[in-house]
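The values are calculated or read from the model by the stated rules, or taken from the named source; none is laboratory data. Fair warning: this is a prediction, and the values are worked out from it, not measured in the lab. No Cβ is skipped: glycine too gets one built from the backbone with ideal geometry, and neighbour counts run over all protein chains shown. What goes into the accessible areas is simple: the full protein's heavy atoms, side chains included, and nothing from ligands, DNA or RNA. Shrake-Rupley method; radii C 1.70, N 1.55, O 1.52, S 1.80 Å.
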Amino acid sequence: MSDSNELLSLTLAEARDRLNAREITSVELTDAYIDAMERRSELNAYITPTPEKARDMAKASDARRAEGDAGAMEGLPIGMKDLFCTEGVQSTAGSHILEGFTPTYESTVSGNLWNAGAVMLGKTNMDEFAMGSSNLTSYYGNVQNPFMAASGGNQPLVPGGSSGGSASAVSGRLAIAATGTDTGGSIRQPAAFTGIVGFKPTYGRCSRWGIVAFASSLDQAGPMTRDVRDSAIMLGAMAGFDPKDSTSVETAVPDYEAALTGDIRGMRIGVPKEYRVDGAPAEIDGLWKQGVDWLKDAGAKIVDISLPHTKYALPTYYIVAPAEASSNLARYDGVRFGLRVDGKDLNDMYAHTRAEGFGEEVQRRVLVGTYVLSAGYYDAYYLKAQRIRTLIARDFQEAWGSCDLILTPTAPSAAFGFEDKADDPIAMYLNDVFTVPASLAGLPAISVPAGLDKDGLPLGLQLIGPAFGEETVLRAAGVLETAADFKATPQLAA
Amino acid sequence: MIENWAPSDMPICCAVGCAREVGAQLVSLGVNRYILAYDDEGSLRRKVPKMAYTVKGETGDWEVVVGLEVHAQISSQSKLFSGASARFGAEPNENVSLVDAAMPGMLPVLNAECVKQGVRTGLALNSKVNKRSVFARKNYFYADLPQGYQISQYEEPIIGEGEIEIDLEGGETKNIGIERLHLEQDAGKSLHDQSPTKSFIDLNRSGVALMEIVSKPDMRSPDEAAAYVSKLRSILRYIGSCDGNMAEGSMRADVNVSVRKPGEPFGTRAELKNINSIRFVRQAVEIEAKRQIKLIEGGGTVDQETRLFDPNKGETRSMRSKEDAHDYRYFPDPDLLPLELNDAYIEDCKATLPELPDAKKHRFIDDYGLSPYDASVLVAERETAHFYEKAAKASGDPKAAANWISVELFGRLNKSGVALVDSPISAEQIGALIGLIKDGTISGKIAKDVFDEMFQSSKDPGAIVEEKGLKQITDTGAIEAIVDTLIAENQKQVAAYRDGKTGLLGWFVGQVMKQTQGKANPGVVNQLLRSKLDT
């Protein structure tokens, strides 16, 4: 028996080892988290906490362990982003239109985690339909970042988005780890804002089946964890080929944890000049330089590279993603499930349902997406964006000729206040400037907490690898993590 | 003004008992018919001269231009992108998977069987198989379209250009170009008649695999349009990629019709949606062409629009005009990878194709000496062709077998509403019957009576002939005795004959046949009568 605070401070790997050593039980660990969730409910990290289910799962896990049948995530209590459909548990995607929607099926990734023994604490809050970089677009309220700015008074800060609930939960110790999904940075940016590790694997590495679709060609699930080792362990449990997802890739899942050798001697790290943006805080640039030095000190070779089409990535993303979203969200029509607001005829019912069911940001993107696919605009927008997307992917392809990984900042700023960018969608979109290129190219990219800004807020560094180069990414991320030695504890941690 | 050309307008059979007529020019009310000529065996051989189908309007002759989009449901166990059953006739919403209902997070997975059937169909339509094709989303909102889009193929279909041969009246053929074939999902069904205030949705069809087969605008008459659909249906049924059941909606046609003065560019077309019988295709083209001509000659212009053909009222009505046409916002479906096929796969598909109707038709013409018309009738259904070949082999007289089947058997089957598979007469029995005629056991006339009996009882022809004593009398002595008696008893007629009324020969023949209940060999009777009367 350990005290609750000690349990909450354990990383996933540490907890796993303590569980394996029979020093703690899953029920104890889970109870500590359920208690923490109650104590820190003001973070609003969860849309639907599932404490009873968690206790049942923890008990079942302890029983399995007693039988000698323990999976890779056995007994570890995690948060599940509310974009994953979970059987018998409300799955809202952060939207009013899916309020009360309880799937009869389990997403492949969440199913993989339960099969590996994980325990579900609840469904975490998120930007509506994963559209946002702040978690301000959730129908179920803002999520608060557990970090507070030293000079900000008591102003609440955003946790980033769209996986803001997962980020806040892991950072604030309301979950030992959580799932995220990343379409343009939705794992990495909130990870950076909340001082945790967020890993978006290669597109096709994790099945999208059962994840509410935002932009199908970009969406990818990944782990959000306290450290890099936890990320390796959890990704191993999430990943795998799924015949139900035609875009999932049939390739074996390696032992990611074994990739954490700490040895990156001779590894070539590319530093792209295009990621230096005007107006970014000097601390961001400083941290980036620091990161370069850390890797160099560990024996890596630093290579200056160019990714010439980087500046087009953000506009390209904000055409491709809304285009796909406008079509993916057409099924939320009030006919079969979720919200229905009646009208005088079918079209009227559609209009009422979607006007009431979708928030402002979702409506904005559906409109943008509909526009760029319209007759007469398709070539100028969607088709051109697809061509540029190909060029962006080619930039990376060429870069891999001279480097093994690419190091960049994760986001152009630290976490901001609830009100700071609420009225300016473009300023909000700029949050994704460093994360979007890897998304467009489908590449694995991780954010590692690497330092604090002048207000004591976490900043992250991003490592991007070639397709299915997850092991290399994790190895270098581990080295970066060791060198950065990020220890800050959020003020609002449970 | 167009008049239906029912098959009874002109006998075009070449079977036993066929009238030998020389075709006449049938020009009725401004419609130029094909001019047909028969050869001396009663078979249609050629058209002389060939004249185009035109419709006479107040300002002169108009040409009709027709192109078709045929939707054919693939005969597969499960749907195009889900594992739900594609069976027809289930209870509402019985065959609906999570994917078909477009539940959140569901993803399509392409059904390999549907791809195979699409490729086989493309090959059977002599069309190019595209090694790379792309599924695209066609976006529109409707209550029976759960995804809010239909997965189809747009810029890169699985099958490209080709052509098929259609069979026209009189054994003529014409090549019709195929523009493309693509795979797509069907939508569900809205039921508006179940409640006064609510509509109901049945998603059984949602996601069922369709092939949309698009022709080039190569047809120039209602008959050509009908013949195209017939041939398409025949080919699909031959290879088993679609059951061709138009009544159940497994095959339905969107018919694009425009009119023009001969030699002018294409006119604006109207699209007639969801026509579900070959007869209606023909009618719809006729009626729509008339409407457009009347409209243009009255100073109006044809709108590019979607129209509904109402066979009860014999009219077409506007469904929606171009102004409220959907902007479908097609784009490649990001849930599906481009479909890539290699040569080996295409060859494998090719190897599964049976002999196709046209190849069979040409073989029947070449090997069995059939007329193009007879051959085209006999190959239209694979089962019929198979039945025919069995009968032809059993009889040793392929032409006679063709006549007996296409006229006598089909006539009786049609009249009694029995399908060929349930025919009371087997192919072997037809062969045996022809054998009895050939070896002189029975006459052609008696054979028809035997055939009637066979149709009733399914008995073998030999047994019927035996039982009923229908064996032909070829015994010259027996016939001669009858002839002698006849001449002795009818001196008045004999005198008239010898005075030059030679037409009385028929009367004498008839009397002999009457006395023998038709069993006397007519050749022997003729010969004996002549020799005795002419001396």
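What the table shows:
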{"item": "Computed Rg/Rh of region B:476-533, alpha carbon atoms with Kirkwood Rh", "result": "0.93"}
{"item": "Over chain A: helical MRE at 222 nm, DSSP H runs n ≥ 4 each giving -39500 (n - 2.57), nearest 500", "result": "-11000 deg cm²/dmol"}
{"item": "Extension gain, residue B:132 back to residue B:268 (0.36 nm per residue minus Cα-Cα distance, nm)", "result": "45.7 nm"}
{"item": "Three-way shape call for region B:354-440 based on the alpha-carbon gyration tensor, with the a/c threshold at 1.5", "result": "oblate"}
{"item": "Principal axis dimensions, largest first and in whole angstrom, of region A:179-324 by Cα", "result": "43, 39, 27"}
{"item": "When each of B:116/B:189; A:81/A:244; A:244/B:273; A:384/B:128 is checked by Cα-Cα distance, pairs over 32 Å", "result": "A:244/B:273"}
{"item": "Calculated FRET efficiency for the pair residue B:303/residue B:534, C-beta based, R₀ 56 Å, to 0.05", "result": "0.15"}
{"item": "The protein assembly as shown - convex hull of the alpha-carbon atoms, volume per residue in Å³", "result": "217 Å³"}
{"item": "Accessible carbon and sulfur surface of region B:355-468 relative to its total accessible area, %, 1.4 Å", "result": "51 percent"}
{"item": "Share of pairwise Cα separations in region A:60-145, more than 19 Å, in percent", "result": "44 percent"}
{"item": "Heavy-atom accessible area, 1.4 Å probe, ligands and nucleic acids excluded: residues of region A:367-397 down by at least 10 Å² from chain alone", "result": "A:370, A:373, A:374, A:375, A:378, A:382"}
{"item": "Percent accessible area from carbon and sulfur atoms, region B:149-304, protein chains only, probe 1.4 Å", "result": "45 percent"}
{"item": "Equivalent ellipsoid dimensions for chain B as semi-axes, Å, which come from the Cα gyration tensor, largest first", "result": "55, 29, 20"}
{"item": "Minimum 50 Å² accessible area buried by the other protein chains, region A:201-232 residues, probe 1.4 Å, relative to alone", "result": "A:209"}
{"item": "Highest average packing first - B:258-269, B:191-202, A:387-398, Cβ atoms within 10 Å", "result": "A:387-398, B:258-269, B:191-202"}
{"item": "Chains A and B together, accessible area buried on both sides, 1.4 angstrom probe, square angstrom", "result": "2700 Å²"}
{"item": "Chain B: calculated mean residue ellipticity at 222 nm from DSSP helix runs of at least 4, using -39500 (n - 2.57)", "result": "-10500 deg cm²/dmol"}
{"item": "Amide H within-cut-off set for residue A:305, under 5 Å, with H built and near neighbours excluded", "result": "A:271, A:273"}
{"item": "Sequence ranges B:398-406, A:363-371, A:148-156, A:175-183, ranked by mean other-Cβ count within 10 angstrom, highest first", "result": "A:175-183, B:398-406, A:363-371, A:148-156"}
{"item": "Distance between modelled label sites at residue B:320 and residue B:480, nm, 7 Å Cα→Cβ extension", "result": "8.7 nm"}
{"item": "Of the DSSP H helices in chain B, those whose Cα atoms cover at least 27 Å axially and whose Kyte score averages -1.0 or more", "result": "B:278-297"}
{"item": "Accessible surface of chain A, 1.4 Å probe, proportion on carbon and sulfur as whole %", "result": "50 percent"}
{"item": "Peptide-level mean, for A:325-335, of C-beta atoms on other protein chains within 10 Å", "result": "6"}
{"item": "Per residue accessible area of chain B, 1.4 Å probe, in Å²", "result": "45 Å²"}
{"item": "Residue B:507-residue A:347 pseudo-label distance in nm [points 7 Å out on the Cα-to-Cβ vector]", "result": "8.3 nm"}
{"item": "Taking all pairs of distinct alpha-carbon atoms in chain A, Kirkwood radius in angstrom", "result": "22.2 Å"}
{"item": "Segment residue A:423-residue A:67, length gained on full extension (0.36 nm per residue, minus Cα span)", "result": "122.6 nm"}
{"item": "Amide H contacts under 5 Å for residue B:320, placed H, 5+ residues apart", "result": "B:306"}
{"item": "Extended-chain gain in nm, criterion 0.36 nm per residue less alpha-carbon gap, residue B:189 and residue B:88", "result": "35.1 nm"}
{"item": "Residues whose placed amide H lies under 5 Å from that of residue A:138, excluding near-sequence neighbours", "result": "A:128"}
{"item": "Cα→Cβ-extended label distance, 7 Å offset, between residue B:294 and residue A:304, nm", "result": "8.1 nm"}
{"item": "DSSP beta bridges in chain B [antiparallel fraction, %, rounded to 5]", "result": "95 percent"}
{"item": "Delta accessible area of at least 20 Å² on complex formation, residues of region B:334-368, 1.4 Å probe, chain isolated as reference", "result": "B:334, B:335, B:337"}
{"item": "Chain B, relative contact order [Cα under 8 Å, separation at least 6], %", "result": "13 percent"}
{"item": "Ellipsoid semi-axes in whole angstrom, largest first, where each is sqrt(5λ) of the Cα gyration tensor of region A:1-43", "result": "20, 10, 8"}
{"item": "Gyration tensor verdict on region A:412-494 (Cα atoms; rounded if a/c is under 1.5, prolate if a/b is larger than b/c, oblate otherwise)", "result": "oblate"}
{"item": "Per residue, in Å², the accessible surface of chain A once ligands and nucleic acids are set aside, probe 1.4 Å", "result": "33 Å²"}
